[in-house]
Amino acid sequence: MSFAYWDFQCESCGAEFESLERRSENVREKPCECGGVAKRCLSAVRSMTVWGAAERGTSQERPPWALDTRPLADGVSEGEWRKTNRKKAADQRYSQVKQLVS
Ligand SMILES: [Zn+2]
């Protein structure tokens, strides 16, 4: 299973957002909150190797840039998993900000 963060930009309101998608689906458009259509920006693709299910059971360390897909292998729904990842990213940003401020 391979995922990539794609950046999308709305053609109507100009909003930019990123979305985690399966590489195999090669998503090029996403609906925007404004009702417009956001197109994928080809210039800002951050791909990542997904670590987890395939390496499960090995002693290999998870590279910091890899997504942990083990919850998926444990039967967590993809929606829940995405939520967890978003929360992790938010927590990380928060602690970075806290470090800068203190
Ligand atoms: Zn929009």
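None of the figures in this text is laboratory data; all of them are computed from the coordinates on show. Predicted, not measured: the structure shown is a model, and the values here were computed from it. Cβ: placed from backbone, ideal geometry, glycine included. Neighbour counts: every protein chain shown.
Can you give the FRET efficiency for Cys41 and Asp74, using 1/(1 + (r/R0)^6), R0 = 25 Å, r = Cβ-Cβ distance, to the nearest 0.05? Efficiency at R0 = 25 Å is approximately 0.15. Distances between placed amide hydrogens fall under 5 Å for Glu11 paired with Val37, Ala38, Lys39, all partners being 5 or more residues away or on another chain.
By how many nm would the segment from Lys83 to Leu20 lengthen if fully extended, with 0.36 nm per residue of separation less the alpha-carbon distance?
21.6 nm
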